[in-house]
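First the structure, in the form of structure tokens, and then the observations on it.
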Amino acid sequence: MALKVSIRRAARLSALFVFGCTFAGFASAAAPERTLLATPARALTDFELTNHAGKTTRLSSFKGAPMLVFFGFGHCPTVCPAALQELRQLESKHTAELGNARIVVISVDGERDTPQAMAEWLKPISKNFIGLTGSPAKVRDIAREFSAAFYKSPGATPSEYLVEHNAQIFLVDSQGKLHATFFKAPVPTMARIVQSVRFGNAGDQVIK
């Protein structure tokens, strides 16, 4: 049984890795480094989750400002700390480029990431980050629209599980449309693309 579980997990991890590499690889030669630009930007279905203050929040409530969206979870040992550090650098070193852009973290572990847990997780990183959480089923539907993948990986005990997920950071424009996907892109590259989206163009003249 243990061998079968290991084989299944290896296969899923392999698929997740291929998905990430393939997704990043679709960017054209003219596109910025490790970035997939949506041409045209793709409309996202409005959704409703609970923020880290315990209030109901909809995607549409962010209209008027771009969003950087990351799917992660509080017990994540490696992927999330690295991605959140990148977002923290983006916030602290590129304020001019970001302008009114919001940084939103959506939990893929709604079973453990309560609003209070999200607040405690994100506060030491940045008081400005917005945490959203909800049932895993609801978040899976939302993640599918972003082409974000995640799945639960059993641990030594039922409460020690992990959630395997991608490292992508997504840029949603001020109209609620998916504009770009970053796959471990350099922080300055992300900053320039956010700036280009704020000014409502494809970003070629700004990005380069």
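Summary table
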read-out	value
Residue tally, condition assigned to a strand (DSSP E or B) and of a type in the set (Ser, Thr, Tyr), over the stretch 150-176	2
Sole exception among (1) farther than 17 Å from Met67 by Cα; (2) within 14 Å of the chain's Cα centre (by Cα); (3) small (Gly, Ala, Ser) for Gly134, by number	(2)
Residues that are without any contact (Cβ under 8 Å) to a residue 60 or more places away in the chain and either surrounded by 20 or more Cβ atoms within 10 Å (Cβ to Cβ) or among the acidic types (Asp, Glu) (or both), drawn from the stretch 157-170	Glu160
Any helices (runs of 4 or more DSSP H) falling wholly within the stretch 39-146 and containing at least 1 residues that are within 30 Å of Gly200 (Cβ to Cβ) and in contact with an Asp or Glu (Cβ under 8 Å, 6 or more places away or on another chain)	95-98
Subset tally (residues that are within 22 Å of Asp46 (Cα to Cα) and crowded, with 20+ Cβ neighbours inside 10 Å) for the stretch 116-133	5
Scan of the stretch 134-156 for residues that are crowded, with 17+ Cβ neighbours inside 10 Å and within 28 Å of Asn100 (Cβ to Cβ), ordered by number	Gly134, Val139, Ile142, Ala143, Phe146, Ala148
Pairs where the first residue, in the stretch 132-156, is more than 14 Å from Gly72 (Cβ to Cβ) and touching a residue at least 40 places away in the same chain (Cβ under 8 Å) and the second is among the aliphatic types (A, V, I, L, M) and assigned to a loop (DSSP other than H, G, I, E, B), C-beta under 8 Å, 6+ apart	Glu145/Leu44
Criterion: within 16 Å of Pro66 (Cβ to Cβ), crowded, with 20+ Cβ neighbours inside 10 Å and among the charged types (D, E, K, R) - qualifying residue of Asp173, Asp109, Asp113	Asp173
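None of the figures in this text is laboratory data; all of them are computed from the coordinates on show. If you're wondering where the values come from, they're calculated on a predicted model, not measured in any experiment. Neighbour counts are summed over all protein chains in view; Cβ atoms, including those assigned to glycine, are modelled from backbone coordinates with ideal geometry.
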